[in-house]
């Protein structure tokens, strides 16, 4: 029988160490909504989302109450709109219509974000997909809850540099279109390499074409729990450090597995995966950077940071894998800047640069995340940053992503504020040397040699 | 049998257990086990209760207990046992 110390431990994790389930994300296939008439397509989309997700928020709230575990977000991901809209959309404005439909449906069912304004173009773009990508600045400035992601490369296909170059323009344009809110549009837009089909976390969530009609994916969290556990093993060797992270990750993931199973049962929708991620928030004590500090670094960015992060990421997976029957999504430690108070402090202190962050992304999920850069950063430079990150993902057979925010009208040292879970960020310095002639070459970077496994 | 774990944390005062037990009796909830201890100077009580057939739903039961806690000046949580089982048992 459960004893009192175990109960106290669990409840302290929840109350003092910010243990929570970060998101229940309901993936919904929109393939059966396809229609050549744009208005009919939008009506089908609205109907399907509102029907499938009708009970999502209420069920999430019930589970939260009954188990005493906060479920911070209830979200929806849909089939990439670049596919769904391809027969109906004649111009960018048609895609924006779909974005507005998604936004309305999200508001009606009470979820805070809907992901899937996406295109999977790792090898090539169809006309419709290119149209969707070009419509992103309008779509993200005309909606509140829609999230957009573009898969521009993979280990199997190489990198679509035409898409990467185009995304440089689209990101800068989105920043300008939402200049009044510190370019918030760019916080809802991510470029991925090796994007997973079952990621529950935004902005990269979409419901892959390999998925069932609807599926429940859950993202857990708990950097504060890991940090607190590590406080008890200061000065101990690496074996003890690793064991502690692993055991803690196991406990955190078990809660995610329970919530996922329960949500699946109550909604009568199959359980997909648990995403084992350490996802920070701007709240004090909910920081991945604080774990790195607890391990013995003065600030994230100090020499040793990449090794510490690699260790953390690996142990989280080793602990989590046994705790859940199906693991997927991104699964690893997130290192966003604006959403993690410890990372913000490290940037302010001058300890952390974009280049060091790039190195860190080689050993963790996901990539250069929520990094504010000067508003006058050139689209070519943004494309260069994306290309670097895509290359890391492609060569290392892992998911990588770029979510940078060229904040209109701001320069290095200024602050950008996005509000809520998105947090705030100091504008970081970008290497000013040109990569124009490189990124302006057209075509693709071929798949790496180790992709030929057949 | 569906079990719930009820925890009470706060400064010790007269009548905490009485008010919780009275409420549980009204709700047709049977108490299976009670234990208590002092952690960091705080009164900690844990009850294991059978919630197979509460008069109201589980959420309402949890809310009712929370409100009693507010009246008495302690924190009362009522959670399904599964969350602790999941976390601490393989």
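How high is the relative contact order of segment B:3-88, in percent, counting Cα pairs under 8 Å that sit 6 or more residues apart? Present the calculation step by step, with values, prior to reporting the outcome.
Working: 133 pairs, mean separation 36.4, N = 86.
About 42 percent, as a whole number.
Using C-alpha pairs below 8 Å separated by at least 6 residues, the relative contact order for segment A:352-430 is 38 percent. Take every pair of alpha-carbon atoms less than 8 Å apart whose residues are at least six positions apart; their mean separation over the length of chain A yields a relative contact order of 18 percent.
Taking 0.692 mPa s as the viscosity and 37 °C as the temperature, the Stokes-Einstein diffusion coefficient of segment A:25-193 based on its alpha-carbon Kirkwood radius rounds to 201 µm²/s.
Using only helices, what value at 222 nm comes out for chain B when you add -39,500 (n - 2.57) per DSSP H run of length 4 or more and divide by the total residues, to the nearest 500 deg cm²/dmol? The helix contribution divided over chain B gives -11000 deg cm²/dmol. As a test, work out the antiparallel percent of DSSP beta bridges whose residues both lie in chain A, rounded to the nearest 5. Expressed as a percentage, antiparallel bridges in chain A total about 35.
Return the average number of partner chain Cβ atoms within 10 angstrom of each residue Cβ along peptide B:74-84. Let's see the in-between values first.
Values: counts 0, 2, 0, 5, 3, 9, 7, 4, 7, 15, 11.
The mean count of partner-chain Cβ atoms within 10 Å per residue comes to 6.
Neighbour counting of Cβ atoms within 10 Å sorts the residues A:369, A:169, fewest neighbours leading, into A:169, A:369.
Ranked by Cβ crowding within 10 angstrom, fewest neighbours first, how are A:24, A:216 ordered? Can you show the working numbers first?
Numbers: A:24 30, A:216 26.
Ordered from fewest to most neighbouring Cβ atoms within 10 Å, A:24, A:216 come out as A:216, A:24.
Return the average number of partner chain Cβ atoms within 10 angstrom of each residue Cβ along peptide A:61-69.
Details: counts 1, 3, 3, 1, 11, 12, 9, 9, 3.
Partner-chain Cβ atoms within 10 Å, mean over residues of A:61-69: 6.
Remark: the Cα gyration tensor places chain A in the oblate category, a/c being 1.5 or greater and a/b not exceeding b/c. In this label model, residue A:322 and residue B:59 are separated by 3.6 nm, measuring between points 7 Å along each Cα→Cβ vector.
Just checking the output field for A:9-15: average partner chain Cβ neighbours within 10 Å of each residue's Cβ?
4
The label point for residue A:438 and the one for residue A:453, both projected 7 Å from the Cα toward the Cβ, are 2.8 nm apart. Each DSSP beta bridge with both residues in segment A:218-448 is either parallel or antiparallel, and the antiparallel ones are about 20%. If you take the Cα centroid of segment A:95-111 and the Cα centroid of segment A:370-434, the two points sit 27 Å apart. First check a/c for segment A:218-448, with a ≥ b ≥ c the square roots of the eigenvalues of its C-alpha gyration tensor; if it is under 1.5, answer rounded, and if not, answer prolate when a/b is larger than b/c or oblate otherwise. Prolate, since a/c reaches 1.5 and a/b exceeds b/c. Between residue A:243 and residue A:411, full extension at 0.36 nm per residue minus the direct alpha carbon distance yields a gain of 56.2 nm.
Using helices alone, I'd like the mean residue ellipticity at 222 nm for chain A: each DSSP H run of four-plus residues gives -39500 (n - 2.57), total over residue count, nearest 500.
That comes out to -14000 deg cm²/dmol.
Can you classify segment A:187-309 as rounded, prolate or oblate using the Cα gyration tensor, where a ≥ b ≥ c are the square roots of its eigenvalues, rounded means a/c under 1.5, and otherwise it's prolate if a/b beats b/c and oblate if not? Prolate, since a/c reaches 1.5 and a/b exceeds b/c. Once you reduce segment A:134-198 and segment A:8-74 to the center of their Cα atoms, the two points are 23 Å from each other. This ranking places A:286, A:388, A:436 by how few other beta-carbon atoms lie within 10 Å of each, fewest first, which gives A:436, A:388, A:286.
Rule-based calculations on the coordinates, nothing more; no lab input. None of these values were measured; they are calculated from a predicted model. Ideal geometry is used to build each Cβ from the backbone, glycine not excepted, and the neighbour counts take in all protein chains shown.
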